[in-house]
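What follows is calculated from the coordinates using simple rules that are stated; it is not laboratory data. These figures come from a predicted structure and were not determined experimentally. With ideal geometry, Cβ positions are generated from the backbone for all residues, glycine too; neighbour counts draw on all protein chains shown.
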Amino acid sequence: MNFIIGKYLFDKSVDKFDVSTPIKSLLLIRGDGKIGDSIVSSFLYREIKKHQPELNIGVLCTANSQHLFNNDPFIDQVHCYPKRPKLWQVSRLIGALPHYDAVVFLPEVLKARDFLMLRCLKARANVGVAKNVALINCNIAEKVSGQHSQQYFVEAAKQLGIDVEDLSYRFNLSQAIEDDILAFLGDKKGRYIALNAFGNTQKRSFSEARLREVIAALRDEFPQYPLVILSSPVTQKLVNKVVAEVDHVFCLSNTTTVEQNAALIKFSQLFVSVDTATVHLAHCFNTPMVAIYRQDPENFAMWAPNYQPTKAIFARAVVNKLEEVNVGEFDLNELLLKINDLLQNTQ
């Protein structure tokens, strides 16, 4: 219903984009606030500036993800925007922005506020994947169907006449954060296994019991490698409790930022993670990784770790369509074998 209202009130055909007339400015809309999605698109700003250094790049993002873009040397302007603005706020919020020639906005379904936002931006080119939207005059849905999420940004650039060569992700770590993490690690730098057991929902996270089982198995199988458990403000209390009970297992006692976890991944010898943003952080540093996914072929096609050296394992299959399997329901022996293989081949 929201889509129908937005289309009826605000959708309007725009002229076909003429790629022969180069754009001078580009706005990427990261309104969902998702860290993983932002990392997957991180290569794009660098590649645009490599080929068109004079092109002005802006990012429209939520306040909680602003820190991911503020220190990026390839981004010219960062604009904050509410995750779910009221319809009456949209015109005023967009009116405060400079004009951009092109917009990249990639949700599959638009809300009424999204239609109005695109209408107010008045860009020459609106790149998107939402179907049946007249405002999107560079629709890449068919070209990226079934592809990795990174290809959405590659194709978006191509539609705007911009070549992309280097697809490696990037993440800005301050020297202060690195120094703090190195002080915490001491002589463990480069010789520990890091583990992230927590995604953004309960089903995408280990239970406490499974976390304890995995920690015990890793310590038994790889006693020569200290184990560092990643946490967040939400999981800190649990991680602190579990870590305190096992020798040679460590965690930051007060994790407050994704940058701290990024540094822990960067300095590890090997990383193990459930399917969440940390998988893509590991790509930024080419850290050897075993990633754990639920059995969902479409999700894996979009969000698989697309670098080497990595391996993936999967939770068990569902018994019926009503069941939702926890990501922790995987074969522990398979995890240990794949970790051992990576350790043997990345020394």
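For Val234 paired with Asn340, estimate the spin-label separation in nm (one decimal), with each label point 7 Å from Cα along the Cα-to-Cβ line.
The answer from the label model is 3.4 nm.
Quick one: order Trp303, Trp88 by neighbouring beta-carbon count within 10 Å, fewest to most.
Trp88, Trp303
In nm, to one decimal, how far is the modelled label at Asp247 from the one at Asp18, with both set 7 Å along Cα→Cβ?
If labels sit at Asp247 and Asp18, their model points lie 7.5 nm apart.
For the stretch 96-140, list residues with backbone N below 12 Å from a point placed 7 Å from the Cα of Leu9 toward its Cβ?
Correct set: 111-117.
Obtain the nm distance between the two label points defined at Glu208 and Arg92 by a simple spin-label model: each point lies 7 Å from its Cα along the Cα-to-C-beta direction.
4.6
Counting other beta carbons within 10 Å of each Cβ, put Ile94, Ile181, Ile229 in order, fewest first.
By the 10 Å Cβ count, ascending, the order reads Ile94, Ile181, Ile229.
Given a Förster distance of 51 Å, report the FRET efficiency between Asp32 and Ala216 from their Cβ-Cβ distance, rounded to the nearest 0.05.
Values: r = 37 Å, r/R0 = 0.72.
Once rounded, the FRET efficiency stands at 0.90.
Using only the Cα atoms of the stretch 2-159, each taken as one equal point scatterer with no solvent, compute I(q) by the Debye sum, divide by I(0), and report log10 of the ratio at q = 0.10 Å⁻¹.
For the requested q values the scattering log ratios are -0.32.
Using 1/(1 + (r/R0)^6) with R0 = 45 angstrom and r between the beta carbons of Leu332 and Asn132, what's the FRET efficiency to the nearest 0.05?
The calculated FRET efficiency here is 0.45.
Using a Cα-Cα cut-off of under 17 Å, which aspartates and glutamates could be cross-linked to Lys321, ignoring same-chain neighbours fewer than 8 residues away?
Asp296, Glu298, Glu329
Within a 10 angstrom radius of the beta carbon, how do Phe17, Phe153 rank from fewest other beta carbons to most?
By the 10 Å Cβ count, ascending, the order reads Phe17, Phe153.
If each DSSP helix of 4+ residues adds -39,500 (n - 2.57) and the sum is divided by the residues in the chain, what number results at 222 nm, nearest 500 deg cm²/dmol?
Helices in the chain give a 222 nm mean residue ellipticity of -11000 deg cm²/dmol.
Which length gain, in nm to one decimal place, applies between Ala312 and Asn70 when the Cα-Cα distance is subtracted from 0.36 nm times their residue separation?
83.9 nm
Work the Kirkwood hydrodynamic radius out for the stretch 208-347: mean of 1/r over every pair of different alpha-carbon atoms, inverted, in Å.
On the way: mean 1/r = 0.0633 Å⁻¹.
With all distinct Cα pairs of the stretch 208-347 included, I get 15.8 Å.
How large is the Kirkwood hydrodynamic radius of the chain, counting all unique pairs of alpha carbons, in Å?
21.7
Could you work out the relative contact order of the stretch 108-202? I mean the mean sequence separation of Cα pairs under 8 Å and 6+ apart, divided by the number of residues, in percent. Could you put the intermediate results ahead of the total?
On the way: 52 pairs, mean separation 13.8, N = 95.
Relative contact order comes out at 14 percent.
Quote the FRET efficiency, to the nearest 0.05, computed for Asn299 versus Ala183 with a Förster distance R0 of 45 Å and r equal to the Cβ-Cβ distance.
On the way: r = 37 Å, r/R0 = 0.83.
E between Asn299 and Ala183, to the nearest 0.05, is 0.75.
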